[in-house]
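Visitor: Structure incoming, see below.
The values are calculated or read from the model by the stated rules, or taken from the named source; none is laboratory data. The structure displayed is predicted, hence computed values, not measured ones. As a convention, Cβ positions derive from the backbone with ideal geometry for all residues, glycine included, and neighbour counts pool all protein chains shown.
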Amino acid sequence: MTKTRAGNFFEDYRVGQVLRHAVPRTVTEGDRAVYTALYPTRFALASSDPFAQACGLLRSPIEEIAAFHVVFGKTVPDVSLNAIANLGYAEGRFLRPVYPGDTLTAESEVIGLRETSNRRSGVVWVRTVGRNQRGEAVLSYCRWVMVRKRDPEAAVAETVVPTLAGALAAADLVVPAGLHFTGYDFGLAGEPWRWGDYAVGEKIDHVDRVTVEEAEHMLATRLWQNTAKVHFDVTAREEGRRLIYGGHVISIARALSFNGLANAQVVAAINAGAHANPCHAGDTIGAWSAVLDKSETAAPGVGALRLRTVAAKAGTSAFALRDAAGKYLPGVLLDLDYWVLVPC
Amino acid sequence: MTKTRAGNFFEDYRVGQVLRHAVPRTVTEGDRAVYTALYPTRFALASSDPFAQACGLLRSPIEEIAAFHVVFGKTVPDVSLNAIANLGYAEGRFLRPVYPGDTLTAESEVIGLRETSNRRSGVVWVRTVGRNQRGEAVLSYCRWVMVRKRDPEAAVAETVVPTLAGALAAADLVVPAGLHFTGYDFGLAGEPWRWGDYAVGEKIDHVDRVTVEEAEHMLATRLWQNTAKVHFDVTAREEGRRLIYGGHVISIARALSFNGLANAQVVAAINAGAHANPCHAGDTIGAWSAVLDKSETAAPGVGALRLRTVAAKAGTSAFALRDAAGKYLPGVLLDLDYWVLVPC
Amino acid sequence: MTKTRAGNFFEDYRVGQVLRHAVPRTVTEGDRAVYTALYPTRFALASSDPFAQACGLLRSPIEEIAAFHVVFGKTVPDVSLNAIANLGYAEGRFLRPVYPGDTLTAESEVIGLRETSNRRSGVVWVRTVGRNQRGEAVLSYCRWVMVRKRDPEAAVAETVVPTLAGALAAADLVVPAGLHFTGYDFGLAGEPWRWGDYAVGEKIDHVDRVTVEEAEHMLATRLWQNTAKVHFDVTAREEGRRLIYGGHVISIARALSFNGLANAQVVAAINAGAHANPCHAGDTIGAWSAVLDKSETAAPGVGALRLRTVAAKAGTSAFALRDAAGKYLPGVLLDLDYWVLVPC
């Protein structure tokens, strides 16, 4: 009887199945410091306790994307250990701030299954919820991955393809309790641009770029206790190179977006996300964003912007995304569709 | 009069001599975060305050191996600055949990000395004790190293070879005060295996591997304020490569062992340890374990397993250890014999 | 209307102009841990709460140089985004300890301007003050940088060259309130040398060296939210290599100086500093110091030493600094003139 986990294969999943993930994780100021050292992040709300308190929060929260990584990392052993590809995200919502000292756990429900035509794998849809030590949901999202079958001949569950929102409506966004941007200090935040200054259709080239290193992406991925082999073991990959965790690119893109979006203080939702091409150490990554939609919220002084942020390797033209056939350009790494909260 | 330390040479030691090591170190949540980023560690007790509290502890302790590194690092300037080789460990015991906020100091007593036959060096045995800010011993261990002589002609102290236990008896293990594994949550911990599921003689291949980087082992070694030149300065080594601190490999092996030993929550003792071959950046490291012994303890629901965990480079067969002549295989990096506490 | 910052150009500055820098930053134990992992730092006051309390402080302060990096990082977007060279520092004073939990902000006043003769750039002098969450100044310093003009033809402000002190007088040093070195524990600190043991003119070779990595200097530079392109983006530099942030070399030199200056617990002032040559990953860095001056202070048991610490690449002779023409030797990276506080 082997004691090591081989992970789940496609034929192991059933719609409605609930996966309670290990290991609970207390998030601390230490994690924030490592995160700051890993990404050029500077959003004031996640950098300064007094700034966050002036915006109605208890103290400076952990960045939403960092909380997402913690929860995502827990799902890897149960959902994607035998994944061929991480296909997409939908209906991601940040429901409550995560503060240093909070302990996160995660649970996923299988909401869809479809075998691929060659019968060697199948697509698994899960809805994952992250909770704090009081059992309160702090974030939830859907993800679908292509997972290998242990045995191509194995019988599988009936096909269920869930209906997922293309994007969350502004009315479905959760503004953290107490958050307000009345009296917001634009000087301390770094840029003067407010909600009214952003127009739907506007595009922003974030200008800065960063060349990524092996040690960095492994530090990041381990910080979230995500132990997928492909990120750590050069012998595990045919090409002999470690594949960089897609979440590392999300964090880089979010941090680079400060230059032009410094007031996008809170990520409220992830509508969709695609890891368009693999990323490797040595790549130099830049980012651009487009404003897809905008909306007011009920919170004082708080507006919402729906953004597309694209991360791409140096050499890819700014604002370029797909080729004539509709395929992502080879230099495009990430295409992320999300909502942020900004001062009005 | 030079102000820099040249460290002690073999002829400087006397049996009974007490070395009070600099520098006291307050261990924090920051250290835990860096440790988590450096190793793929996921043991629930050292990851989550509520999990640790449910097991009877005040909060989540710093991993025992991390506390060991802090204490070990302090001994380097006085014990091993002029070491040729770190020969072994014995009678290592973890006596009390180390919590964030505790401040550690270290003291060593010379317990043995034996000049080598060529008179150019000698073996020094020390017993080191690490203490917290209240003066309570948190860990102790014996270590012996081969240390250069300043002057081959120098007179040395009489040979004393200490008698050290080959392994600690289960009865000598210290279970942290209050620790119990009644009501232990195997789901949150990540694996269902309890004390009764492990058999003496059983072997576990931990499957996962990690390719190590220069930046990582230097970050780790500095975190413990271990400033032995060989780990940092390429010009200090004939082969022009930095030698990776043996403790970095111990932490990698312990973290990799999660896969099959997720419930080995506490390291209670180190019986013996050998750094079998040097480790360098670029090496891809895996690990396997064997169960050497098992015992009950007086604490509720707490059992003890004596394990051998071996770290080896990729390409070394699983469970392979020595050649026909009894010599460690060239790919074997670490052979560690230790006791862990697991739920019954 | 572009939303990204192009930074200020020389013609944008006016003497008397006040630049209020973004983003406030709460400094924590996490930052200390990352700092410790990045540098081989071991000064007892910044390592141990009980040691700091025995010296009259509230707890262990963040290292002065780390606080300097936080403040410096904030000035980059407003002062040196279009800099050609960082020319010098003067009148740097540490005015109050920074403790974990403090939030730092920064403000600079333009105190000098001089166009270069080719009219393509100019030298900008600023005096920067860092403050904590109570508005108390924690440090201040002058810096001058050569900044590009947007348009060589643009009119510029009248030339003003400020008069700056070559070195702070000992009487101008601020000793942290409550600090005393009566009852100082030299054993725990790591060396027996006190103020009286250091002679003006004395030189110390710090012996240890460290080979630096790309991941390390980028982690360091981001930790201070310093996002100057040249440190991160290989495509931003003609030579295709990332330039290491000069502050990284300052921290390495300060940490290496422990070996011979372990009791230099507090940096009280920076009189002058030159980044003599560029530093790149792969360089192996050592350091030496000379005692330039010494003075008593009014605080019990606290003396002051004025030091020159020089960081140089391996292969540069110890204590070598300039060639016959007075130019820094090509291996010299840093020439730092500063005051430290040591026990009498």
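Visitor: Of all residues in the range A:289-303, which are polar (S, T, N, Q) and surrounded by fewer than 24 Cβ atoms within 10 Å (Cβ to Cβ)?
Guide: Here is the first cut: in the range A:289-303, the ones polar (S, T, N, Q) are A:289, A:295, A:297.
Selection gives A:295, A:297.
Visitor: Is it true that residue C:164 is within 30 Å of residue C:47 (Cβ to Cβ), away from chain A (no Cβ under 14 Å) and touching an Asp or Glu at 6+ places or on another chain (Cβ under 8 Å)? It would help to see each step written out before you state the result.
Guide: Values: within 30 Å of residue C:47 (Cβ to Cβ): no; away from chain A (no Cβ under 14 Å): yes; touching an Asp or Glu at 6+ places or on another chain (Cβ under 8 Å): yes.
So residue C:164 fails the test.
Visitor: Let me ask you something else. Within the group A:65, A:84, which residue is within 22 Å of residue A:340 (Cα to Cα) and in contact (Cβ under 8 Å) with a residue 24 or more places away in the chain?
Guide: Working: A:84 fails: within 22 Å of residue A:340 (Cα to Cα).
So the residue among A:65, A:84 that is within 22 Å of residue A:340 (Cα to Cα) and in contact (Cβ under 8 Å) with a residue 24 or more places away in the chain is A:65.
Visitor: Here is a follow-up. Among the residues of the range C:139-157, count how many are without any contact (Cβ under 8 Å) to a residue 60 or more places away in the chain and not in a strand (DSSP E or B).
Guide: Initially, the range C:139-157 is screened for residues without any contact (Cβ under 8 Å) to a residue 60 or more places away in the chain, giving C:140, C:142, C:144, C:152-153.
Filter again for not in a strand (DSSP E or B), leaving C:152-153.
Of the residues in the range C:139-157, 2 are without any contact (Cβ under 8 Å) to a residue 60 or more places away in the chain and not in a strand (DSSP E or B).
Visitor: Something else now. Mind telling me which of the residues B:33, B:66, B:90, B:44 ends up being buried (at least 20 other Cβ atoms within 10 Å of the Cβ) and in contact with a Cys (Cβ under 6 Å, 6 or more places away or on another chain)?
Guide: It is B:90.
Visitor: Going by the conditions given, is residue C:298 within 29 Å of residue A:208 (Cβ to Cβ), modelled with pLDDT of 95 or more and away from chain B (no Cβ under 14 Å)?
Guide: For residue C:298, the condition - within 29 Å of residue A:208 (Cβ to Cβ), modelled with pLDDT of 95 or more and away from chain B (no Cβ under 14 Å) - is not met.
Visitor: Additional query: Is it true that residue A:169 is surrounded by fewer than 21 Cβ atoms within 10 Å (Cβ to Cβ) and under 20 Å from the mean Cα position of the chain (by Cα)?
Guide: Against the criterion (surrounded by fewer than 21 Cβ atoms within 10 Å (Cβ to Cβ) and under 20 Å from the mean Cα position of the chain (by Cα)), residue A:169 qualifies.
Visitor: Select from the range B:304-325 the residues that are farther than 14 Å from residue B:203 by Cα and more than 21 Å from the chain's Cα centre (by Cα) and list them in ascending order.
Guide: B:314, B:315, B:316, B:322, B:323, B:324, B:325
Visitor: Within the range C:15-26, track down each residue that is of a type in the set (A, V, I, L, M) and surrounded by fewer than 22 Cβ atoms within 10 Å (Cβ to Cβ).
Guide: Those that are of a type in the set (A, V, I, L, M) and surrounded by fewer than 22 Cβ atoms within 10 Å (Cβ to Cβ): C:15, C:18, C:19.
Visitor: Mind listing whichever residues of the range A:10-36 are under 20 Å from the mean Cα position of the chain (by Cα) and closer than 13 Å to residue C:25 by Cα?
Guide: Selection gives A:32, A:33, A:36.
Visitor: Now for a different question. Go through (1) in contact with a strand residue (DSSP E or B) (Cβ under 7 Å, 6 or more places away or on another chain); (2) crowded, with 24+ Cβ neighbours inside 10 Å; (3) facing chain A (nearest Cβ under 8 Å) and name the single condition residue B:49 misses.
Guide: (2)
Visitor: Tell me, which residue of the range A:179-229 that is closer than 25 Å to residue A:96 by Cβ and of a type in the set (Phe, Trp, Tyr) is modelled with the lowest pLDDT?
Guide: A:224
Visitor: Kindly indicate which of B:122, B:88, B:92, B:112 is among the small types (Gly, Ala, Ser) and closer than 28 Å to residue B:59 by Cβ.
Guide: It is B:92.
Visitor: Let me ask you something else. Contact list please: Cβ distance under 6 Å, first residue in the range B:273-288 and crowded, with 24+ Cβ neighbours inside 10 Å, second residue assigned to a loop (DSSP other than H, G, I, E, B) and among the charged types (D, E, K, R), pairs at least six apart or on different chains.
Guide: Matching pairs, first to second residue: B:286/B:209.
Visitor: What are the residues in the range B:213-226 that are more than 14 Å from chain A (Cβ to nearest Cβ) and in contact with a strand residue (DSSP E or B) (Cβ under 9 Å, 6 or more places away or on another chain), if any?
Guide: B:224, B:225
Visitor: Ok, one more. Going through B:96, B:32 one at a time, which residue ends up being within 30 Å of residue B:211 (Cβ to Cβ) and either at pLDDT 95 or above or within 14 Å of another protein chain (Cβ to nearest Cβ) (or both)?
Guide: Only one candidate passes the filter, namely B:32.
Visitor: Also, quick follow-up: Return the residue satisfying two criteria in turn: it lies in the range A:227-237 and is part of a helix (DSSP H, G or I), facing chain B (nearest Cβ under 9 Å) and in contact with a Lys or Arg (Cβ under 7 Å, 6 or more places away or on another chain), and of such residues it is surrounded by the fewest Cβ atoms within 10 Å (Cβ to Cβ).
Guide: A:235
Visitor: Also, quick follow-up: Name the residues in the range A:188-212 that are in a helix (DSSP H, G or I) and either within 8 Å of another protein chain (Cβ to nearest Cβ) or of a type in the set (Val, Ile, Thr) (or both), would you?
Guide: A:188, A:189, A:197
Visitor: Condition first: acidic (Asp, Glu), in a loop (DSSP other than H, G, I, E, B) and closer than 27 Å to residue B:26 by Cβ. Can you find one or more residues in the range C:238-253 that meet it? Outline the logic, then answer.
Guide: Within the range C:238-253, the first condition is being acidic (Asp, Glu), and the residues that meet it are C:238-239.
Still in the running and in a loop (DSSP other than H, G, I, E, B): C:238-239.
Then drop every residue that is not closer than 27 Å to residue B:26 by Cβ, which leaves none.
The answer is no, given that none of the residues of the range C:238-253 is acidic (Asp, Glu), in a loop (DSSP other than H, G, I, E, B) and closer than 27 Å to residue B:26 by Cβ.
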